[in-house]
Amino acid sequence: MSVAKRIVIEPVTRVEGHGKVVILLDENQKVIQARLHVVEFRGFERFIQGRPFWEVPVLVQRLCGICPVSHHLAAAKAMDRIVGGENLTPTAEKVRRLMHYGQIFQSHALHFFHLASPDLLFGFDADVGVRNVIGIAGRYPDLAVQAVLMRKYGQEIIKATAGKKIHGTGAIPGGVNKSLSVAERDGFLRELDRQIDWAKSAVRIAKDYTVQNLAKLAPFGSFESNHLSLVRSDGAMDLYHGNLRAIDAHGAHIFDQVDYQRYVDFIAEEVRDWSYMKFPFIRSLGPEQGWYRVGPLARLNTASFIDTPLAEAERKEFRRATADQTSNITMAYHWARMIELLHAIEKIQILLGDPDLQGTDLVSKGQRREVGIGVIEAPRGTLFHHYKVDKNDQVVAANLIVSTTSNNEPMNRAVAKVARDHLQGVEITEGLLNHVEVAIRAYDPCLSCATHALGQMPLEVSVVGSSGQVFAQKSRELGWARPDRARPRGI
Amino acid sequence: MVLYGMEQAMSGGREKVLLYGYGNPGRGDDGLGPALASAIELADLPGVEVDADYQLTIEDAARLAGYGAVVFVDAAAQGEEPFSFVLVDDAAAHHLGWTSHSVTPAQVVALARDLFGCRVPAYLLAIRGYQFTELCEVFSPAAKENLAAALAFAKRVLLEPGCCFARYLRSSGPTAAGPELGGSTWKA
């Protein structure tokens, strides 16, 4: 009879959605495996089926209150294909890009200052009563003000290009429904220099922290992996559009310049009986070897270069930290994220100087299709939207691979690595909790997308035997709600 | 220090009330907050500005300056039916939340205080909901009734001269609006 034990950490604090961590031990109390369980939303297929395709870019924003713009744009790109309007007008493409870089900027700023900096500036083991955004505001008020106002700047760009915060409608099949006014542009230009300075400062913080602590950070939750992202036709980083490139842990191309309309020939998804999330993998390598990372670290690894000067200089420094080799350091996500933050504000600067943003030619059309696939580099990584539409313009099928799903296996491996390095016996120490959370937060996961209603979810930790017996339990607060167990459909 | 975004807020007039509904309209009862905000916006009440979003985030701290009071409106997965109305206690801001990117009303108020020197009385209207996990844009029947009660309460209070929100709070402990306004345990 097996005497394996399970350690359960539930849910993960400061990570979007409901998640819990189960650490499986063998009879010698060695870590066998870590499993990140999430409660995913249900009913997407039913929610989307039968809807007219032109509503989809608005409807999909309901999937996630954190990154509605990413879903909005990925769906719009898919619907561009449906209306044959994928060759956007210059104004439409640039307005969408501005919206997207605004999203990247605000999302990365929020993650770093709200989520990462408490861990980095106070230390992984600092009191959770201090190690939070309010603690940062108290100890580092200037930094906190920057965070708030960088986030606000990005949000205002989104509002100017997408419309209302909840009902963003800026991107439509084949284009956009408005351009950027001169008054809006000038408002953003007035604030731009300060935002660039703050972005440079943010890169400096992340870089200095990573370089100074490299010996400690390099092994933390780290492992070799494949990496995947879109890249431009010349290999440059491109967060809005491009072709798929996948590399192995040492930088060798697995595939390159793959048209994402053919993604199903290259990417497959595995279902495991213990998880609500699927496990994507590179088809040619199989599920055991083909899993991959997405997001800032992956993009810094896959891109041949960055086409904005400040971010490119930082990318070269980033590469130097690993002797110009592919970085497989989980904690380097933070540094990579800040380089992308700088890239985003440089792109915003370039776009704001482009008169095409004030153009009036907003929509393209062409030959109608019944299948549309849109892919974008969302803040957390590559986001796939795939739809089938019938002759009555109604959606009949949909498949999404969201960034956090692609990072599912890597997050499990990161937790397993941390558990192997920090677990002593079966005791769930505060230190173990902290380290597990730090490893997961590096990926900036969005586990369940924005049901946040009042009254849910403190942190619950249990040690459970293989028969379900609870050996130990630890909670930061009293009272908790057990997540729903139903399996999601359609995604 | 001149702060971006603050100048505009500061010109908004001290006595205005900001009603801020938040939640995801695509998650069943999670959309109660934005639904109430939308209804108040349609009512076009004098001295009331309305905003809505999927959730509260740190930049909302800069949004509070310039208002005489703020009323956050959210769905509640637990608690009193049909709704409760409580003072936001910024002492609760240091609690570690389980979400990554959103913050609580208490944290927004604390950030507004600590970063922008803005001390605005803030209240939370929490409308009880029941169905949060299914992707759908309709409310459960009971939540719909609770929303109607909360809306009637909000309109009545917001139309009062001076909007004396404190009248509707209990003197100690958890606070809620009274039965005559649709709440369960109010006393003046």
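The values are calculated or read from the model by the stated rules, or taken from the named source; none is laboratory data. If you're wondering where the values come from, they're calculated on a predicted model, not measured in any experiment. No Cβ is skipped: glycine too gets one built from the backbone with ideal geometry, and neighbour counts run over all protein chains shown.
Observations
- Among residues of segment A:77-105 being within 26 Å of residue A:299 (Cα to Cα) and of a type in the set (S, T, N, Q), the one that is nearest to the chain's Cα centre (by Cα) is A:103.
- Residue tally, condition more than 10 Å from every other protein chain (Cβ to nearest Cβ) and modelled with pLDDT under 95, over segment B:132-151: 1
- When residue B:9 is tested against the conditions (1) at the interface with chain A (Cβ under 9 Å from one of its Cβ atoms); (2) touching a helix residue (DSSP H, G or I) at 6+ places or on another chain (Cβ under 7 Å); (3) at pLDDT below 90; (4) on the phi < 0 side of the Ramachandran plot, the lone failure is (1).
- For beta carbons closer than 8 Å, sequence separation of 6+ or different chains, a first residue in segment A:138-162 that is within 9 Å of chain B (Cβ to nearest Cβ) and surrounded by 24 or more Cβ atoms within 10 Å (Cβ to Cβ) and a second that is in a helix (DSSP H, G or I) and among the charged types (D, E, K, R), the qualifying pairs are A:144/B:114; A:153/A:191.
- Any hit, segment A:423-432, residues being at pLDDT 80 or above, farther than 30 Å from residue A:374 by Cβ and in contact with a Ser or Thr (Cβ under 9 Å, 6 or more places away or on another chain): no
- Among the candidates A:114, A:108, residue that is under 19 Å from the mean Cα position of the chain (by Cα), within 16 Å of residue B:102 (Cα to Cα) and more than 10 Å from every other protein chain (Cβ to nearest Cβ): A:108
- Take the conditions (1) closer than 19 Å to residue A:230 by Cα; (2) free of Cβ contacts under 8 Å to residues at least 12 places away in the same chain; residue A:392 misses just one of them, which is (1).
- Test: residue A:227 is surrounded by fewer than 22 Cβ atoms within 10 Å (Cβ to Cβ) and not in a helix (DSSP H, G or I): no
- When residues of segment A:164-177 are limited to those that are surrounded by fewer than 18 Cβ atoms within 10 Å (Cβ to Cβ) and more than 12 Å from every other protein chain (Cβ to nearest Cβ), the one nearest to the chain's Cα centre (by Cα): A:169
- Test: residue in segment A:390-404 that is out of contact with any Cys (no Cβ under 6 Å at 6 or more places or on another chain), surrounded by 24 or more Cβ atoms within 10 Å (Cβ to Cβ) and within 19 Å of residue A:116 (Cβ to Cβ): yes
- Any hit, segment A:245-254, residues being in a loop (DSSP other than H, G, I, E, B), closer than 24 Å to residue A:312 by Cβ and either touching a helix residue (DSSP H, G or I) at 6+ places or on another chain (Cβ under 6 Å) or of a type in the set (Asp, Glu) (or both): yes
- The lone criterion from (1) part of a loop (DSSP other than H, G, I, E, B); (2) touching a Gly at 6+ places or on another chain (Cβ under 6 Å); (3) charged (D, E, K, R) left unmet by residue A:417 is number (1).
- Test: residue A:241 is surrounded by 15 or more Cβ atoms within 10 Å (Cβ to Cβ) and in a loop (DSSP other than H, G, I, E, B): yes
- Test: residue in segment B:113-121 that is outside any loop (DSSP other than H, G, I, E, B), modelled with pLDDT of 70 or more and touching a Lys or Arg at 6+ places or on another chain (Cβ under 8 Å): yes
- In segment B:59-102, residue modelled with the lowest pLDDT [restricted to those that are within 7 Å of chain A (Cβ to nearest Cβ) and more than 28 Å from residue B:139 (Cα to Cα)]: B:96
- For segment A:404-432, the set of residues classified as farther than 28 Å from residue A:268 by Cα and of a type in the set (Asp, Glu) consists of A:421, A:427, A:430, listed by residue number.
- Total residues in segment A:53-76, condition more than 14 Å from chain B (Cβ to nearest Cβ) and over 18 Å from the mean Cα position of the chain (by Cα): 3
- Residue match in segment B:12-22 (condition: modelled with pLDDT under 90, within 8 Å of another protein chain (Cβ to nearest Cβ) and on the phi < 0 side of the Ramachandran plot): no
- Summed over segment A:302-314, the residues that are in contact (Cβ under 8 Å) with a residue 40 or more places away in the chain and more than 13 Å from residue A:238 (Cα to Cα) give a count of 2.
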